[in-house]
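Written out below as structure tokens is the structure these notes cover.
The values are calculated or read from the model by the stated rules, or taken from the named source; none is laboratory data. Just so it is clear, the model here is predicted, and its values are computed rather than measured. Glycine gets a Cβ as well: all are built from the backbone with ideal geometry, and neighbour counts include every protein chain shown. The accessibility values were calculated without ligands, DNA or RNA, using every heavy atom of the protein model including side chains. Shrake-Rupley method; radii C 1.70, N 1.55, O 1.52, S 1.80 Å.
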Amino acid sequence: IKKKGILRAQVSISNLNIYKDDEIPFRLEWIGQDGESFYSKKSEIKPSDTLSVINGSVSITPDKRLPGRYALRVLLFDEIIAEKNFELISSD
């Protein structure tokens, strides 16, 4: 956690050609210490897109986040397909 801190995430996406939908809904969901979502970012990707990465970021400034355990979830069609837990610590 630092004064001008930003935490960035990149999620690689592959094998989109197995879906026949016009757009495939992905969502990055940032989970706080209380287990509740504090930020969510939706991305609609077409199977024909050449995009292979979804990017997301959140502020980790002291006025926004406290030290503790957090998580990032990746959802596809509103189902969790990946989750990464992490811990924020003070820069002091």
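Compute, for the chain, the length of the dipole vector about the Cα centre, with Cβ point charges of +1 (Lys, Arg) and -1 (Asp, Glu) only. Units Debye, rounded to 20.
I would put it at about 480 debye.
Assuming a ≥ b ≥ c are the square roots of the Cα gyration tensor eigenvalues, decide whether the chain counts as rounded (a/c under 1.5), prolate (otherwise, with a/b larger than b/c) or oblate.
prolate
For the range 1-89, which trypsin sites (Lys or Arg not before Pro) pass both filters: DSSP loop (anything but H, G, I, E, B) and at most 15 other C-beta atoms within 10 Å?
Sites meeting the loop and neighbour criteria: 2, 3, 4, 20, 64.
Give me the accessible area per residue for the chain, probe 1.4 Å, as a whole number in Å².
70 Å²
Short version: ³J(HN,Hα) in whole Hz for each residue of the range 72-88, in order, from phi by Karplus 6.51 cos²θ - 1.76 cosθ + 1.60 (θ = phi - 60°), x for Gly and Pro, what are they?
10, 10, 10, 10, 10, 6, 6, 10, 5, 10, 7, 8, 10, 8, 8, 10, 8
For residue 2, which lysines qualify as cross-link partners when the Cα separation must be under 20 Å and same-chain residues fewer than eight apart are set aside?
The qualifying lysines are 64.
Would you mind checking which residues have amide H under 5 Å from residue 45's amide H? H placed 1.01 Å from N; only 5 or more apart, or other chain.
The list, which skips near neighbours in sequence, is 24, 26.
Report the longest stretch of the chain that contains none of the chymotrypsin sites (Phe, Trp or Tyr not before Pro) sitting in a DSSP loop with at most 14 other Cβ atoms within 10 Å.
The longest such stretch corresponds to 20-76.
With contacts defined as alpha carbon pairs under 8 Å and 6 or more residues apart, what's the relative contact order of the chain in percent?
Over the chain, the number comes to 37 percent.
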